[in-house]
1. Among the listed residues G56, G36, which satisfies the condition of being crowded, with 24+ Cβ neighbours inside 10 Å, within 14 Å of the ligand (Cβ to nearest atom) and not aliphatic (A, V, I, L, M)?
2. If you check L66 against the conditions, is it more than 30 Å from T150 (Cα to Cα) and buried (at least 20 other Cβ atoms within 10 Å of the Cβ)?
3. Scan segment 150-167 for residues that are touching a Leu at 6+ places or on another chain (Cβ under 6 Å) and open to solvent by less than 10 Å² (accessible area, probe 1.4 Å) and jot them down.
4. In segment 39-53, which residue that is of a type in the set (A, V, I, L, M, F, W, C) and open to solvent by less than 50 Å² (accessible area, probe 1.4 Å) is nearest to A105 (Cα to Cα)?
5. Report, by residue number, each residue of segment 76-99 that is hydrophobic (A, V, I, L, M, F, W, C) and in a helix (DSSP H, G or I).
6. Go through the residues of segment 167-179 one by one and say whether even a single one is closer than 16 Å to R116 by Cβ and more than 15 Å from the chain's Cα centre (by Cα).
7. Can you pull out the residues in segment 1-26 that are touching a residue at least 60 places away in the same chain (Cβ under 8 Å) and of a type in the set (V, I, T)?
8. If I filter segment 7-33 down to residues being on the phi < 0 side of the Ramachandran plot, open to solvent by less than 40 Å² (accessible area, probe 1.4 Å) and not in a helix (DSSP H, G or I), which single residue comes out as nearest to the ligand (Cβ to nearest atom)?
Amino acid sequence: MRVLVIEDEPDLLSALAQSLREAGYAVDCAEEGCEGLFKASSGGYDAVVLDLMLPGLDGWTLLRELRKSQTVPVLVLTARDALPDRVRGLDAGADDYLTKPFQLAELLARLRALIRRAAGKASPRIAMGELEIDTAARVVWRDGEAVPLTPREYALVEFLAMHKGELVTRTMIYDHLFDEEDDSMSNLVDVHVSNVRKKLGKDFITTRRGEGYLIHA
Ligand code: CA
């Protein structure tokens, strides 16, 4: 899953980006409102973390502009704990908010909830035959045993599972699993798919030649 963080405080931005990467997300950053809106409007994100007080374009305006074209879940971060600011953020199109200072564990839990809600999944667990994906623990279980997957392999399985029954193109996988600083070649997707098949069974992921991949519902 790929997340955009829009935050003008450099220390907080880099700490957030690092924590999110450690939690398995591909992360892009913007330090200024206009750049944030430009990136967020590109449509490749599973969630956006948005500071409200930003140079260039404030968070409320950014949100209203973004909502003209994108339904991506937005978690607003604000130093202001005043009720009118939070209400204004939610009314401008935010899906959730967190007041600074916040605990990282809560930010991560809220992001997971936003992302699975956006995928139409209320439960953090996705059952698929003999497999179960625990999106909170980031573990795939088979018959009660955790399957050892690398973070990228897990991310691939989770992304396909969130789109269970739908064709997922290689471009979608590339957009949602890799961030803009990731210079890995897109053909690595095939390597990850191949490794996942070795671990979860060769029929787990179906290839549609020239189109992409899917996990059957
Ligand atoms: Ca700020």
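The values are calculated or read from the model by the stated rules, or taken from the named source; none is laboratory data. Remember, predicted model here, so these are calculated numbers, not experimental data. Neighbour counts are summed over all protein chains in view; Cβ atoms, including those assigned to glycine, are modelled from backbone coordinates with ideal geometry. Please note that ligands, DNA and RNA were not included when accessible areas were found on the heavy atoms of the full protein model with its side chains. Shrake-Rupley method; radii C 1.70, N 1.55, O 1.52, S 1.80 Å.
1. G36
2. Yes: the conditions hold for L66.
3. Answer for segment 150-167, where residues must be touching a Leu at 6+ places or on another chain (Cβ under 6 Å) and open to solvent by less than 10 Å² (accessible area, probe 1.4 Å): just A155.
4. The selected residue is V49.
5. Correct list: L83, V87, L90.
6. Taking every residue of segment 167-179 in turn, none turns out to be closer than 16 Å to R116 by Cβ and more than 15 Å from the chain's Cα centre (by Cα).
7. Selection gives V3 alone.
8. This residue is E7.
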